[in-house]
Amino acid sequence: MRLNPFDEPYLTDPAAVWRRVLDAPGGVHHNPDLGLWLISSHAHVRRALADPATFGNALTLVPTYDVCPEALQVILRIDAPPTTAAADPPVHPRTRRALRATFANTPDRVDQRYGPIVRRRVDELVSRLAARPGARVDLVPELTTELPLLVLLDLLGVPEHDIGRVRDWADGQIALIWGRPDPAEQVRLAQSLLEFWHYCQRLVEARLGDGADGDDYVSLALAYRDGDDSRLTVTEVASIVFNLLVAGHETTAGLLAHALDQALSVPERWQAMVEDPAGIPAFLTETLRYAPAIDGWLRVTRRDVTLDGVTIPAGARCLLLIGAANRDPAVFAHPDRFSPDRPDASDHLSFGHGPHFCIGAALARLEAGTVLQRLAAAIPGLRLTSDHRRSYKPNVAFRAHRTLPAIVDIGRTPRPAAALVASAAEVTAG
Ligand code: HEM
């Protein structure tokens with residue numbers, strides 16, 4: 001079975017490729033070009049995500065191609081211990097406990113702890129757009145990638161003047177691990193990743209030096225460890241920060257861009273949202289199913305496993321095709337239709353499933369829900385430009401729009417944002 005994430009068909013119309021994989025006989029296929037096993041059905045992807053004894057995470061953050069020796073030398077100097085997406089038992093249950101205790105992850109706690117930051121940052125960015133009536137803007141750099149990064153910097157207590165560096169480091173990590181850089185680029189990206197890791201270590205050490213008594217995430221994580229390395233080490237706190245700065249950035253940016261794309265590419269959908277924002281939570285859930293920001297995720301088999309009569313040997317890297325699983329007709333009726341009113345949209349696997357389930361799911365939903373509300377209120381005539389063609393950055397795991405050009409048409413009288421403030425349950429549920 002051939003699937004090339006760097007080829008034009010997958011970059012412009014991934015759903016056609018997922019359909020081909022789902023329709024092929026046998027639920028599991030080896031892809032010789034990528035050196036990966038493809039797992040596509042909803043049942044198998046769900047099982048693999050939830051079964052760490054068979055499908056481990058140890059290689060989830062390891063490049064999917066043979067890294068050149070010079071870049072490898074640099075990568076080996078990144079001594080960040082596995083704490084989240086790359087950790088397996090017995091480490092992961094302990095670090096996951098730390099994450100759950102320190103990072104708000106239920107809709108109510110997220111709204112209480114992070115809501116003020118999210119609303120302030122959304123208002124800043126939306127007002128900046130609304131102040132340019134008639135302008136042609138690119139919503140990707142001006143909104144969708146900017147917001148999640150600003151929110152993360154605020155949460156973690158990272159100085160805003162470092163935003164450019166953090167953006168480049170995080171983008172570089174995604175390109176190094178899940179992209180296909182040439183050897184010279186691999187070396188450059190590996191050096192940048194090493195710098196990023198040292199930056200996270202210095203950030204945590206500085207906070208420790210300041211007494212770590214703030215209400216930012218780093219201080220909370222240091223307080224949680226309470227000087228006890230068996231709970232969490234200082235280096236593990238730095239490693240969690242290193243992971244959060246990437247995990248919470250391109251992912252949420254992807255959700256925002258996919259949601260805006262779905263909303264604006266059908267003007268009636270956008271008008272419905274402008275007139276009644278109550279449908280936003282269901283709209284976001286269907287966006288997550290239909291156009292996941294992470295549509296392929298890696299696992300490595302820890303023992304032989306047989307699925308649908310096919311045996312995957314121990315030590316094999318597997319690409320769990322979340323995008324395909326979300327379109328599996330065995331679970332979703334008319335899966336290629338975007339229908340926010342489908343009853344089972346929340347069965348999507350876009351935030352994972354099981355022990356590694358995304359810790360930032362409620363935060364991502366809060367950010368996306370707030371953006372849609374505020375944008376629909378402030379710029380009701382917003383529309384994509386007529387020359388817009390969808391295209392995505394080449395990547396095995398992340399599906400990110402390159403651009404989303406739009407016209408800032410204020411249209412009808414904008415509604416006051418205060419009239420639209422939704423409760424956490426309204427924008428984060430589902
Ligand atoms: C739409 C936005 C997002 C998507 C689609 C997404 C997707 C995912 C997926 C698929 C996983 C599962 C990984 C696995 O099973 O190995 C995951 C885990 C994780 N996510 Fe997200 N994520 C999003 C937003 C966020 C945000 C905003 C944060 C934090 C600021 C975050 C932090 C994490 C962390 C730390 C993990 C690892 C948890 C663990 O291994 O226990 N994510 N995410």
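Number of residues in the stretch 328-363 that are within 16 Å of the ligand (Cβ to nearest atom), assigned to a loop (DSSP other than H, G, I, E, B) and crowded, with 18+ Cβ neighbours inside 10 Å equals 10. Regarding the stretch 287-297, can at least one residue be identified that is aliphatic (A, V, I, L, M), surrounded by fewer than 21 Cβ atoms within 10 Å (Cβ to Cβ) and either closer than 22 Å to residue 401 by Cα or at pLDDT 95 or above (or both)? No, the stretch 287-297 contains no residue that is aliphatic (A, V, I, L, M), surrounded by fewer than 21 Cβ atoms within 10 Å (Cβ to Cβ) and either closer than 22 Å to residue 401 by Cα or at pLDDT 95 or above (or both).
Just checking, does the stretch 184-198 include any residue being at pLDDT below 95 and more than 15 Å from the chain's Cα centre (by Cα)? No; the residues of the stretch 184-198 include none that is at pLDDT below 95 and more than 15 Å from the chain's Cα centre (by Cα). Can you tell me which residue within the stretch 66-78, out of those that are free of Cβ contacts under 8 Å to residues at least 12 places away in the same chain and assigned to a loop (DSSP other than H, G, I, E, B), is nearest to residue 200 (Cα to Cα)? Among those residues, the one meeting the criterion is 76.
Against the test of being outside any strand (DSSP E or B), touching an Asp or Glu at 6+ places or on another chain (Cβ under 6 Å) and in contact (Cβ under 8 Å) with a residue 24 or more places away in the chain, the options 89, 81, 93, 63 yield a single qualifying residue, 81. Among the residues of the stretch 40-54, is any at pLDDT below 95 and in a loop (DSSP other than H, G, I, E, B)? The answer is no, given that none of the residues of the stretch 40-54 is at pLDDT below 95 and in a loop (DSSP other than H, G, I, E, B).
Counting only helices (runs of 4 or more DSSP H) that sit completely within the stretch 146-261, those holding 3 or more residues that are farther than 28 Å from residue 375 by Cα and either free of Cβ contacts under 8 Å to residues at least 60 places away in the same chain or touching a Leu at 6+ places or on another chain (Cβ under 8 Å) (or both) correspond to 163-178, 183-209, 217-225, 234-247.
Considering only residues in the stretch 147-204 that are under 30 Å from residue 33 (Cα atoms) and of a type in the set (D, E, K, R), the one that is surrounded by the fewest Cβ atoms within 10 Å (Cβ to Cβ) turns out to be 182. Of all the listed residues (293, 314), the sole one being closer than 30 Å to residue 410 by Cα, touching a residue at least 12 places away in the same chain (Cβ under 8 Å) and not polar (S, T, N, Q) is 293.
The values are calculated or read from the model by the stated rules, or taken from the named source; none is laboratory data. Since the structure is predicted, the reported quantities are computational estimates derived from the model, not experimental observations. When we count neighbours, we look across all protein chains shown, and the Cβ atoms used for this are built from the backbone with ideal geometry, even at glycine.
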